[in-house]
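K.L.:
Handing you this structure, nothing more for now.
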Amino acid sequence: MKKYILSSLAVLAATLFISCNDALDTDPRVTEMTGATFPGKPGDVESELTAIYSIMSTLGGGDNSGILNNPFYWWSLMSDDCYGSGGLQDNVAKSLHHFTTASSNQYEYNFTLLYGGISRCNNTIETIDNVDWTNNEDVRGQLLGEAYFMRGLYYMWLSQLYGDIPLITSSVITDEMMQQASAEEAIYPQIISDFVSAKNLMKPERANGSGHADKYCAEGFLARAYMFWAGFYKGVEELKNGGPDIELVEQEGCKGGKLTKTDVVNGLKDIVANGGYQLRPDFRSLWQYSNSYLLAEALDGKNHHYDYIADMNKADCFDMPGNGNGNTEELFQIQFMNASKWAIGGTYCNPRMYSNYLSCFWGLRNGATNDNGKRDKTYPFNQGWGQGTPSCNLWQDWPDNDLRKKATLIDLDNELESYTYEKDDCEESGYAVKKYADVNLDANPADNDSWWKQAPGYSSSSLDNPQQGDHFEDFYLMRYSDVLLMLTELTGEASYMNQVQKRAGVSLTGYSLKAVQDERRWEFALEGLRFNDMRRWSGYKKHSESSYAAVALDKQAGQQITCLGKKKSQTMKQMTDVGWKKRYADTQGFLPKPQSQINIMKGALTQNPGWDDKTPAKEWTYKVLY
């Protein structure tokens, strides 16, 4: 368990804003510490990197626009993993789920924020040699590699959210950079080149859950980027049968030329052979509900004990060595700490960013409108906003013999006997998120006793509200099981997938694309990977309404759901007359570019298909269904 103590370095670095541009809204504040005067020493570059990484916390932390801005949460809502749900007023979550929008700039926050992160990366890449690195060349390589890695990561997220976008790789922005670039032909070659530079520049030592990227992170995300490019843009239906080469950009750490599928596979095999990662023996070890304090309650028979984890070994609990935050399965993650504040800041300084607000958004709505924080009917889980509840399809499709099913989902009717539905509930499936669920302790629910109070380094929540402030579980961006499943999908060698299946307690199978698709769905349910997996298995504009993604999304229609407190009283509706199949086909899974940014760019940025004036507004405009 790492300690949750805010360092002065983190505070300083989070306030360093290092570039601006009048045309594209990226990072609007400038300090005097630029160009020739900064950085002046290695510690300055480390501070710049902290500011680069802080973008992730801002995405994954406290909400200030009506919805959590973690893109993986957005992708969960857009997939068949989740419904929009929440209360009647929670239109942002429901509009995302139904591929509609309630306002022209609804999805602007991530667009602006990610370009701000890219701006910081560009500055660090350009100015790193302001520092004298004599006898510190390895440190320079590591820090520069991290900057390349983060630029590649932020561009990957941007392009998967918004499609064709400007490719800005310098703090001096040319007219050419301001033009919309092809994601297939320009953005992805740059993303993959950045990951190649990163893996070649960074030291081979593992980062050990520090929150910093390392060589193995770069190899893992290089594979994820390549597989999306090859599947979505190049239409490769089954990667084990081959994949195209991609042209690389010549830059430091990357000599240009071509990257092959073999190169990608070799990088993943390097992680397996040399990274030192391993699957945790018990899948439940990855999630905070398996902490030893709750286990003790289950074993000693206290009131409200939670039998689900009573069979766990204490050594496998979340808060035991090797598990929890920084565990041996975790390649890369967003980290959080107890330093949030109630005040709402600007785009680049959100004071609630230090709390993993995903736990609050996915929290149980029972009593949420009246009892803010009390959980006598939800124990050991806390309450929250109930947005993005798991879909009926996810529960129904998932075999009961897979232990990951109940390790991922709360079956409300059978696990929480006193649970009741809110009178303004919408699209409730009868299931809730167990991964990332906020967990409490103690037989007296009125205490609202956050289990994190037991963690080393904890101090009273700066929000003074454990329900909203005490969320410090890492958000996984890549786990070792992903490396194993990518290897099976790329090579057809089932032995990698079998390791994941063995831990899940299911039968070992040989390779088939469907077996890999199912394993990825069950292993990473509600972690935000499903939607882009669906897209790459569908191909860009390929059999769009009969594609894997369109068909899976359409199966949600007609499911029995709970609305307005009346259990299973309605069927899932499609928000527009055309439904999910056509909305996916029209948009290909991309969100609309913010109209404000299109206006700023004066014609250089164009709206995505399915959201433009060629598509009837009624097909993409949010409407109240319940």
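K.L.:
Work out, step by step, the length gained on full extension between Gln560 and Asn401: first 0.36 nm times the residue separation, then minus their alpha carbon distance; give nm to one decimal.
P.N.:
That works out to 54.9 nm of additional length.
K.L.:
Now a separate question. Once you have the alpha carbon radius of gyration of region 524-566, what is it after dividing by 2.2 N^0.38 Å, with N set to its residue count?
P.N.:
Output field value: 1.47.
K.L.:
Run lengths n ≥ 4 of DSSP H only: what is the helix-derived mean residue ellipticity at 222 nm for the chain, with -39500 (n - 2.57) per run over all residues, to the nearest 500?
P.N.:
It comes out at -10500 deg cm²/dmol, rounded to the nearest 500.
K.L.:
Convex hull over the alpha-carbon atoms of region 232-333: what's its volume per residue in Å³?
P.N.:
Dividing the Cα hull volume of region 232-333 by its residues yields 173 Å³.
K.L.:
When the dipole is taken about the Cα centre of region 135-195, and only Lys, Arg (+1) and Asp, Glu (-1) are charged at their Cβ, what size is it in debye, to the nearest 20?
P.N.:
160 debye
K.L.:
Sort 549-556, 146-153, 316-323 by the packing proxy (mean of other Cβ within 10 Å over each peptide's residues), most packed first.
P.N.:
146-153, 549-556, 316-323
K.L.:
Okay, next question. Along the charge dipole of the chain, pointing to its positive end and built from +1/-1 on Cβ of Lys, Arg, Asp and Glu, which listed residue (Phe590, Thr571, Phe318) has its Cα farthest out?
P.N.:
Thr571
K.L.:
Which order do the peptides 590-601, 254-265 take when ranked by the mean count of other beta-carbon atoms within 10 Å per residue, highest first?
P.N.:
590-601, 254-265
K.L.:
How high is the FRET efficiency between Lys423 and Ser103 when r is their beta carbon distance and R₀ equals 25 Å, given to the nearest 0.05?
P.N.:
0.40
K.L.:
Another question, if that's okay. If each of Thr174 and Asp411 carries a label point 7 Å out from its Cα toward its Cβ, how far apart are those two points in nm?
P.N.:
6.1 nm
K.L.:
Given the C-alpha atoms of region 128-218, compute the convex hull and give its volume per residue in Å³.
P.N.:
Dividing the Cα hull volume of region 128-218 by its residues yields 104 Å³.
K.L.:
Moving to a separate point now. What lysines sit close enough to Lys240 to cross-link, taking a C-alpha to C-alpha distance under 25 Å and skipping anything fewer than 8 places away on the same chain?
P.N.:
By straight Cα distance, Lys240 reaches Lys199, Lys215, Lys258, Lys261, Lys269, Lys502, Lys514, Lys541, Lys542.
K.L.:
Hey, got the Cα dimensions of region 185-299 along the principal axes, in Å, largest first?
P.N.:
Rounded to whole Å, the extents work out to 59, 34, 25 Å.
K.L.:
So, one more: According to a simple spin-label model (label point 7 Å from Cα along Cα-to-Cβ), what is the distance in nm between Ile600 and Gln278?
P.N.:
Placing both labels 7 Å along Cα→Cβ, they lie 4.8 nm apart.
K.L.:
Separate question: How much length is gained on full extension from Glu545 to Asp138, taking 0.36 nm per residue of separation minus their Cα-Cα distance?
P.N.:
141.4 nm
K.L.:
Just the projected area, averaged over all directions, of the convex hull on the alpha carbon atoms of region 445-591: how many nm²?
P.N.:
13.9 nm²
K.L.:
To the nearest 20 debye, what is the magnitude of the charge dipole of the chain about its Cα centre, counting +1 on the Cβ of each Lys and Arg and -1 on the Cβ of each Asp and Glu?
P.N.:
Here the chain has a charge dipole of around 980 debye.
K.L.:
Continuing with this model, one more query. Output the DSSP H helices from the chain with an along-axis C-alpha extent of no less than 30 Å and a mean Kyte-Doolittle hydropathy no less than -1.0.
P.N.:
137-162
K.L.:
Just to confirm a number: summing +1 for Lys and Arg and -1 for Asp and Glu over residues other than Glu238 whose beta-carbon lies under 13 angstrom from that of Glu238, what do you get?
P.N.:
My count for the surroundings of Glu238 gives +3.
K.L.:
Count the net charge of all other residues whose Cβ sits under 13 Å from the Cβ of Leu412, scoring Lys and Arg as +1 and Asp and Glu as -1.
P.N.:
In short, -1.
K.L.:
Follow-up question, since we're still on this one. With unit charges on the beta carbon (Lys/Arg positive, Asp/Glu negative), name the residue among Leu605, Gly84, Gly243 whose Cα is farthest towards the positive pole of the charge dipole of the chain.
P.N.:
My answer, from the dipole projection, is Gly84.
K.L.:
If I take R0 = 41 Å and measure r between the Cβ atoms of Ala310 and Glu252 in this structure, what FRET efficiency does the formula 1/(1 + (r/R0)^6) give, to the nearest 0.05?
P.N.:
Using R0 = 41 Å, I get an efficiency of 0.15.
K.L.:
Continuing with this model, one more query. Mind running the shape call on region 123-171? Use the C-alpha gyration tensor, a ≥ b ≥ c as the square roots of the eigenvalues: rounded below 1.5 for a/c, prolate if a/b tops b/c, oblate otherwise.
P.N.:
oblate
K.L.:
Between Tyr626 and Lys41, what length in nm is gained on full extension when 0.36 nm per residue of separation is reduced by their alpha carbon distance?
P.N.:
Between Tyr626 and Lys41, full extension yields an extra 204.7 nm.
K.L.:
Further, regarding this structure: Apply the a/c threshold of 1.5 to the C-alpha gyration tensor of the chain and tell me whether it is rounded, prolate or oblate.
P.N.:
Cα axes put the chain in the rounded bin.
K.L.:
Could you work out the relative contact order of region 533-626, using alpha carbon pairs under 8 angstrom and six or more residues apart, expressed as a whole percent?
P.N.:
Contact order relative to length: 24 percent.
K.L.:
Would you please give the FRET efficiency between Asp376 and Lys502, computed as 1/(1 + (r/R0)^6) with r the Cβ-Cβ distance and R0 = 35 Å, to the nearest 0.05?
P.N.:
Efficiency computed from Cβ-Cβ geometry: 0.35.
K.L.:
Can I ask one more? If you take the charge dipole of the chain about its Cα centre, with +1 on Lys and Arg Cβ and -1 on Asp and Glu Cβ, which of Asn136, Ala186, Asn338 is farthest toward its positive end?
P.N.:
Ranked along the dipole, the leading option is Ala186.
K.L.:
Which of the lysines could be linked to Lys623 by a straight reach, that is with a Cα gap under 26 Å, when you skip same-chain ones fewer than 8 residues away?
P.N.:
Those lysines meeting the cut-off are Lys94, Lys423, Lys555, Lys566, Lys567, Lys568, Lys573, Lys581, Lys582, Lys593, Lys614.
K.L.:
Could you check how many percent of all C-alpha pairs in region 87-173 are farther apart than 15 Å?
P.N.:
Above the 15 Å cut-off, region 87-173 has 67 percent of its Cα pairs.
Where a number appears in this text, it was derived from the coordinates with a stated rule and is not lab data. The structure presented is a predicted model; accordingly, all values stated were derived computationally and were not measured. Neighbour counts run over all protein chains shown; Cβ positions are idealised from the backbone, glycine included.
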